[in-house]
Amino acid sequence: MPSLDDIEAVKQANSAFYRAFESLDVHRMRAAWAQSEEIACVHPGWPLLTGFEKVMESWKRIFENISMMQFTITGAVVRIEGDAAWVMCTENINTLMDGKVAEAKVQATNVFTRRDGRWLMVHHHGSSLPAGA
């Protein structure tokens, strides 16, 4: 059974990821991830990306094309097994791109590993939800 401290630490790591996302700052995003070639990411509509530099390049490309992102996370469920943890949640997203506001919902799974006492992301998978879901 995971401790309440571990659950809270995973929640904080998950929140740090979304704060980095909202900041549109690739340096903050880099700090949220394990710096490993074993990491992976699937953005909605993108193929699987593996390796630290490829994943970070994807964030850079996303950030270059967006003026603002705002997340409201709902339905978050945290699971922990030893030094692995995952968060399943819905991302309710407001964006500003090319002067246009858009809303989207994405079902996400974020996977973390504990390294030197810190929870770091090793996998993010986002799948778009249909309108009205």
* **For Leu96: the one exception among (1) modelled with pLDDT of 95 or more; (2) under 28 Å from Ala131 (Cα atoms)** => (1)
* Residue selected from the stretch 1-60 under the condition assigned to a loop (DSSP other than H, G, I, E, B) and small (Gly, Ala, Ser), by the criterion farthest from Leu129 (Cα to Cα) -> Ser3
* Just need a number here: residues in the stretch 63-92 that are of a type in the set (A, V, I, L, M), surrounded by fewer than 18 Cβ atoms within 10 Å (Cβ to Cβ) and under 14 Å from Leu24 (Cα atoms). => 2
* **Tabulated pairs, the stretch 20-37, first touching a residue at least 24 places away in the same chain (Cβ under 8 Å), second assigned to a loop (DSSP other than H, G, I, E, B) and buried (at least 18 other Cβ atoms within 10 Å of the Cβ), C-beta under 7 angstrom, 6+ apart or interchain** => Trp33/Ile39
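Going by the structure shown, is Leu120 aliphatic (A, V, I, L, M), surrounded by 13 or more Cβ atoms within 10 Å (Cβ to Cβ) and more than 22 Å from Ser15 (Cβ to Cβ)?
Numbers: aliphatic (A, V, I, L, M): yes; surrounded by 13 or more Cβ atoms within 10 Å (Cβ to Cβ): yes; more than 22 Å from Ser15 (Cβ to Cβ): no.
So Leu120 fails the test.
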* **Thr50 surrounded by fewer than 16 Cβ atoms within 10 Å (Cβ to Cβ), in contact with a Cys (Cβ under 9 Å, 6 or more places away or on another chain), free of Cβ contacts under 8 Å to residues at least 24 places away in the same chain and closer than 22 Å to Arg115 by Cβ** => yes
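The values are calculated or read from the model by the stated rules, or taken from the named source; none is laboratory data. Worth saying up front: this structure is predicted, and the values here are computed from it rather than measured. FYI the Cβ positions are ideal-geometry reconstructions off the backbone, even for glycines, and counts take in every protein chain you see.
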